[in-house]
Amino acid sequence: MRLIWRARGIPREAQARFMWEPRKDAVRTAREARCIVNDLLGRVRPGDFVIIDCLYMLLHGGAENSAQTLQPMVMEFDRLLTEGGCSGALLVHHQAKGASGQKAVIDRGAGSGVVSRFVDNVFSLDYLDADEEDEFIRQAGEQKLRPRCLSCVMRNAEEDESVDFLFGGPRLVTDAGGDLSRYYVSGSPQANGAHSARGNRERAEQDWAAKAELVGAALEEAAREGASPTPEYVSAYYQAHHGEHGLGKKAGLGTIRNWLKPGCTSLPFHTEGGVVVPDESGGEGQQEAAHGRAPL
């Protein structure tokens, strides 16, 4: 947090005045929690915002999965607000193992769910399942920035919210252009579906590239033989050589005619005057138009 404050030029007086890192004070019972909070109450001032970093270090191997153990502890920390007059208290908590997107925001914390159900607001910092081939993501990666999503569940809000951004501590870049809006939290059904769709699209692109290579080879073979590269010639060549190009299924003459119709952009070839000829564009029309994005 302090690294981020310094990097963003936040003055000292505007920072959280007191951040407690409980690396030496193990708390395993409500009584120990009360002693810790009593000590904190003697050190904070009204209006302070306290950050407790983190629950795992606070417990020092204690019963993180036990609701009976955790509930009285978190209730003690509520005294920082009711008795200490603090403006707020932020409890940093690690996520459970596995893909966080498989769970609701309120259930992503490790151990017992009593913590997330006791607090007023839950903020979950998650990875976005972004396409590494995306130019925007590639540029971000070169700057050591990774796509993240901050999901929020707030007790008094009408609906939950989420914010996408790029993060590479201590640098944080907001997604002003909405380039991350197409991606979802890793492990979520939406991310898995998008990931599967990207895989299908990549396989289709590879398949069409192999078909284009085969048709090009057919035209070269026709030129060597002095034959006319008609759709029938290309079809016969396809049936004889499709396996050499990694194409596992034959295609009939009618299908190949459809591929080679003028205006069809699947292949960089078309039929003209009864013979197959290359497109003048050289296949550039197949490439997907790049998104107009401002550089990072």
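Quickly rank 123-134, 260-271 as a protection proxy: mean count of other C-beta atoms within 10 Å, highest first.
Ranked by mean Cβ neighbours within 10 Å, highest first: 123-134, 260-271.
Can you find, among A104, S186, P72, the residue sitting farthest towards the positive end of the charge dipole of region 65-197, where Lys and Arg contribute +1 and Asp and Glu -1 at Cβ?
P72
Sum up the charges of everything whose Cβ sits under 13 Å from the Cβ of R79, counting Lys and Arg as +1 and Asp and Glu as -1, but leave R79 out.
Local charge sum for R79: -3.
Can you compute the charge dipole magnitude of region 33-148 about its Cα centre, using +1 on each Lys and Arg Cβ and -1 on each Asp and Glu Cβ, nothing else charged? Give it in debye, rounded to the nearest 20.
Dipole of region 33-148, to the nearest 20 debye: 480 debye.
Rounded to whole Hz and in sequence order, give me ³J(HN,Hα) for region 201-218 from the Karplus expression 6.51 cos²θ - 1.76 cosθ + 1.60, θ = phi - 60°, writing x for Gly and Pro.
Rounded to whole hertz, the list is 5, 5, 5, 5, 5, 5, 5, 5, 5, 5, 5, 4, 4, 5, 4, x, 5, 5.
Which lysines, on any chain, are close to K261 with Cα under 26 Å apart, when same-chain ones fewer than 8 places away are left out?
Cross-link targets: K211, K249, K250.
Restricting to Cα pairs below 8 Å that are 6+ residues apart, what does the relative contact order work out to for region 160-229? Please round to a whole percent.
13
Once phi is turned into θ = phi - 60°, what whole-Hz ³J(HN,Hα) does the Karplus curve with 6.51, -1.76 and 1.60 give for every residue of region 115-124, x standing for Gly and Pro?
Each residue of region 115-124 in turn: 5, 5, 8, 8, 6, 7, 9, 10, 10, 10 Hz.
In debye to the nearest 20, how big a dipole does region 168-209 give about its Cα centre with +1 on each Lys and Arg Cβ and -1 on each Asp and Glu Cβ?
Once rounded to the nearest 20, the dipole reads 100 debye.
Using modelled amide H (1.01 Å from N, peptide plane; none on Pro or chain starts), what sits under 5 Å from the amide H of V275, excluding residues fewer than 5 places away?
Distant-sequence amide H within range of V275: zero hits.
In region 132-238, which trypsin sites (Lys or Arg not before Pro) fall in coil by DSSP and have 11 or fewer other Cβ atoms within 10 Å?
Within region 132-238, the qualifying trypsin sites (Lys or Arg not before Pro) (loop, at most 11 other Cβ atoms within 10 Å) are K144, R155.
What is region 149-241 by shape, rounded, prolate or oblate, if you read a ≥ b ≥ c off the alpha carbon gyration tensor as root eigenvalues and call it rounded for a/c under 1.5, prolate for a/b larger than b/c, and oblate otherwise?
Cα axes put region 149-241 in the prolate bin.
Does region 80-209 come out rounded, prolate or oblate by the C-alpha gyration tensor, with a ≥ b ≥ c the root eigenvalues, rounded set by a/c under 1.5 and, if not, prolate when a/b is larger than b/c and oblate if not?
Verdict is prolate for region 80-209.
Readers should treat all values here as calculations from the given coordinates under stated rules, not as data from a laboratory. What you see is a predicted model; the values in this text were computed from it and never measured. No Cβ is skipped: glycine too gets one built from the backbone with ideal geometry, and neighbour counts run over all protein chains shown.
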